[in-house]
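What follows is one structure encoded as structure tokens, with my remarks underneath.
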Amino acid sequence: MTSGIDLGRPASGDVIDLISDDHRRFEQLLSQMRLGTVDRDAVRRAFADVLVAHGEAEEEIVYPVLRKAASDVDVHDVEHGREEHAEGNDALLVLLELRGTDTQAFSDAVEELSNLVAHHIAEEELSILEPARTEVSTKVRWDLGSKWARRRNALIDEGCGSVENVRRVVAAAQREGLLQDA
């Protein structure tokens, strides 16, 4: 378990705000891994749990509703979001499979993952979340927030960031054709 690291345990709220809060959490955890001033392995495991839970809950609960409810949320943008989740999980797997955390390979893997996550956050917030903020009712966003938070937290409790599960998630993405270069 990743004791002492704040994984966030939202219970309710506007799904857009909850997702954005996780995005800030990703940035903070990645910064901690880059700086190396904390237990990098513990942060790596915490980051894996939050990243995988966040993305899976988004794809299962949020994306299908936003695809239908918001006319400015393009189906292509949602599919592209799924592809970027797959790319992030693939880069996460590389990071998780490294043995040490004080190596150049670890630093390089963190940098690659950071770049992918930063790109995804920028695109998702601009092309999916902002249109949803104005086109999806507050009631729907809060209902999605509760469902997303419940699913996200359950996935974290199940240890969704384990290397074995991330391997499974990446393999599924490869079968679905979400990883073009795999």
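The values are calculated or read from the model by the stated rules, or taken from the named source; none is laboratory data. Since this is a predicted model, take the numbers as computed values, not measurements. No Cβ is skipped: glycine too gets one built from the backbone with ideal geometry, and neighbour counts run over all protein chains shown. Quick note on the areas: whole protein, heavy atoms, side chains included, nothing else; ligands and nucleic acids left out. Shrake-Rupley method; radii C 1.70, N 1.55, O 1.52, S 1.80 Å.
So here's what we get for this one:
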| item | result |
| --- | --- |
| Options Glu83, Glu58; residue that is part of a helix (DSSP H, G or I), surrounded by 19 or more Cβ atoms within 10 Å (Cβ to Cβ) and within 13 Å of the chain's Cα centre (by Cα) | Glu58 |
| Among residues of the stretch 1-45, those that are touching a residue at least 40 places away in the same chain (Cβ under 8 Å), in a loop (DSSP other than H, G, I, E, B) and closer than 20 Å to Cys160 by Cβ, counted | 7 |
| Selection from the stretch 1-30 of residues that are among the hydroxyl-bearing types (Ser, Thr, Tyr) and exposed (fewer than 14 other Cβ atoms within 10 Å of the Cβ) | Ser3 |
| Flag for Phe106 being in contact (Cβ under 8 Å) with a residue 40 or more places away in the chain, closer than 21 Å to Gly145 by Cβ and of a type in the set (Phe, Trp, Tyr) | no |
| Odd one out for Leu116 among (1) within 16 Å of Phe47 (Cα to Cα); (2) open to solvent by less than 30 Å² (accessible area, probe 1.4 Å); (3) touching an Asp or Glu at 6+ places or on another chain (Cβ under 9 Å); (4) of a type outside the set (Gly, Ala, Ser) | (2) |
